[in-house]
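Asker: Starting off with a structure, shown below.
The values are calculated or read from the model by the stated rules, or taken from the named source; none is laboratory data. As the structure is a prediction and not an experimental result, all values here were calculated from the model. Methodologically, a virtual Cβ is constructed for each residue, glycine included, from the backbone with ideal geometry; neighbour enumeration extends over all protein chains shown.
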Amino acid sequence: MKRPTDGLKHARGLAGWQKGLIAAACAIVCLAVALSGAYFIMKEIGRSKLQSQRPTEIDEDAIVYNGETYVYNDKLTSVLFIGTDRLSAKALNEKEPGANGQADALYLAVIDTETGKINVLGIARDIMTDVRVFSVGGQYLGTEKKQVCLAFAYGDGREKSCENTVNAVSNLLYGIDIGTYFCLDWANIGQLNDLVGGVEVPEYDENWKKTGRTVSLTGDDVRPYLRGRDKTILDSSVNRMNRQIDYLNAFAAKTTKAARADITAPLRLYNELNSVSVNNLDATKITYLTTLFLNGGARIEFSTLTGKMVQGEQYAEMYLDDKTTYETLLKIFYKKK
């Protein structure tokens, strides 16, 4: 017959073993809570930062166009992606005005923070707009009507060049506010491509016509796909935007899939590129935008600005069609009342 204390000793032994499991489980739970709490905090900080970059003074007067009434969507935030034509990895450290390259690719991502929907507006490099001009010494000289791509050249090749480009893009969009930018050189586009494991895109032939097949781009193979054009053709920079949008669609689909599997994937991508880019994004903004995008159904819509391309004294010049530009901006930045 067992003594009452025998069962007690056995129970105490089991309790010690169970305590170890419970302690480990508690540690895991606490870690998960801490990580989710940190993620929530980062998301909220990012939300606050991006919302603070919205226009503080918005014209609240409704716009009537073709019998429809529109009001500005004050839930939007924008990120301008700048791809420069610099091909040297060390060009990022070049700070002399006039030696900083040009903004060869410009895409404005407009994010609706209420729905998570993203409109990406492609902006051709040859579009004429008011560009702030500076002397070699950095003295402001005024504004001149120039191709929007040249705004980047008037700066330090880093933040000042990006800010001048943001200003020029805002000018051609009737003063629409742009709070955030991300700039990457063509020299580093292969690194971006390989960080997501390469991208499968529609194939184009030597005349830049679709073949009906697909091709997987890895390493620096991505560079001619995105940059290549026949400069003897006046509107070649506009035509190649079709390939760039094909690539962006495929790239977005791949990163969206990765983010669905691991919501921190875009943040890791940003961290890998941070040292070779110029931007005013940060981990909190990336965290918030990723959550917003996924919760909104991961919807992206692409559009471009159209106009008339003419031969200038030296280079191609594109003059936007006022009507279609106005209608595009109404669609992206305004909503029907």
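Asker: How about the range 121-141: which of its residues are part of a loop (DSSP other than H, G, I, E, B), farther than 14 Å from Ala153 by Cβ and under 22 Å from the mean Cα position of the chain (by Cα)?
Answerer: Across the range 121-141, the qualifying residues are Ala124, Asp126.
Asker: On the basis of being at pLDDT below 95, in contact with a strand residue (DSSP E or B) (Cβ under 8 Å, 6 or more places away or on another chain) and at negative phi, does Asn207 make the cut?
Answerer: no
Asker: Could you grab the pairs with beta carbons closer than 7 Å, sequence gap of 6+ or different chains, first residue in the range 206-231 and over 23 Å from Ala124 (Cβ atoms), second one modelled with pLDDT of 90 or more and part of a loop (DSSP other than H, G, I, E, B)?
Answerer: Thr211/Asp205; Ser216/Gly198; Thr218/Gly198
Asker: Would you say Ser275 is surrounded by fewer than 19 Cβ atoms within 10 Å (Cβ to Cβ) and not in a strand (DSSP E or B)?
Answerer: Answer is yes for this residue.
Asker: Could you check how many residues of the range 311-337 are closer than 28 Å to Asp112 by Cβ, touching a residue at least 60 places away in the same chain (Cβ under 8 Å) and assigned to a loop (DSSP other than H, G, I, E, B)?
Answerer: So the count comes out to 1.
Asker: Here are Asp282, Asp246, Asp220, Asp262: which of them is closer than 18 Å to Ala187 by Cα and out of contact with any Leu (no Cβ under 9 Å at 6 or more places or on another chain)?
Answerer: The conditions single out Asp220.
Asker: Within the range 244-256, identify whether any single residue is assigned to a helix (DSSP H, G or I), of a type outside the set (Val, Ile, Thr), farther than 19 Å from Phe302 by Cβ and touching a residue at least 12 places away in the same chain (Cβ under 8 Å), and answer yes or no.
Answerer: No, there is no match, as no residue in the range 244-256 is assigned to a helix (DSSP H, G or I), of a type outside the set (Val, Ile, Thr), farther than 19 Å from Phe302 by Cβ and touching a residue at least 12 places away in the same chain (Cβ under 8 Å).
Asker: Another question, if that's okay. Can you name the residue in the range 181-236 that is closer than 30 Å to Cys162 by Cβ and of a type in the set (Lys, Arg) and, of all such residues, is farthest from the chain's Cα centre (by Cα)?
Answerer: Once the filter is applied, the top-ranked residue is Lys231.
Asker: Let me ask you something else. Considering the range 144-188 alone, what residues qualify as being in contact with a Ser or Thr (Cβ under 9 Å, 6 or more places away or on another chain) and assigned to a strand (DSSP E or B)?
Answerer: Lys145, Lys146, Gln147, Thr180, Tyr181, Phe182, Cys183, Leu184, Asp185
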